[in-house]
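Report on the structure given below.
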Amino acid sequence: MLIVLAILLTAAGAATVYVTAGNQSMLPQRAGATVRQAGWGIVLLSLCCWIEALGAGAGVFGAFVTLMLSWIALPFLALLPVFKTVAGAR
């Protein structure tokens with residue numbers, strides 16, 4: 001159960017950091033620096049969950065892999081019609 005929480009926290013943190021990037025396409029304008037700091041806080045919390053669930057070495061590896069896979073998937077998720085109605089026609 002802790003691994004599921006770690007995966008969800010990592011994905012949420014990655015999405016929060018992603019919407020602060022200049023070239024994100026999910027929101028009409030990028031989010032501010034406070035949102036970016038909150039995103040990195042969520043990522044650090046997920047890293048703690050990963051380490052608690054799997055140990056130090058495997059936990060860090062699991063956190064980074066999940067973070068990278070989330071950042072790979074987010075630009076493709078932005079192509080869904082749901083985000084086109086939020087962001088307007090592009």
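Bear in mind that the values in this text are calculations on the coordinates, not laboratory data. Nothing here was measured: the structure is a model prediction, and the numbers come from that model. Cβ sites come from the backbone with ideal geometry, for glycine too, and all protein chains shown count toward neighbours.
What FRET efficiency do you get for VAL60 and ALA21 if R0 is 22 Å and r is their Cβ-Cβ distance, rounded to the nearest 0.05?
Calculated value: 0.40.
If I compute Rg and Dmax of the Cα atoms in Å from the structure I just sent, which labelled value in [x] 29.4, 98; [y] 14.1, 46; [z] 12.6, 38 lines up?
[y]
Pulled fully out, how much extra length does the chain show between LEU79 and VAL35, if you take 0.36 nm times their separation in residues and subtract their Cα-Cα distance?
13.6 nm
Which value in nm describes the separation of the simple spin-label points at MET68 and LEU8, placed 7 Å from the Cα toward the beta carbon?
2.6
Just tell me, in residue order, which DSSP H segments of the chain are both 18 angstrom or longer along the helix axis (alpha-carbon based) and at least 1.6 in mean Kyte-Doolittle hydropathy.
Those that pass (Cα extent of 18 Å or more, hydropathy at least 1.6) are 2-18, 56-77.
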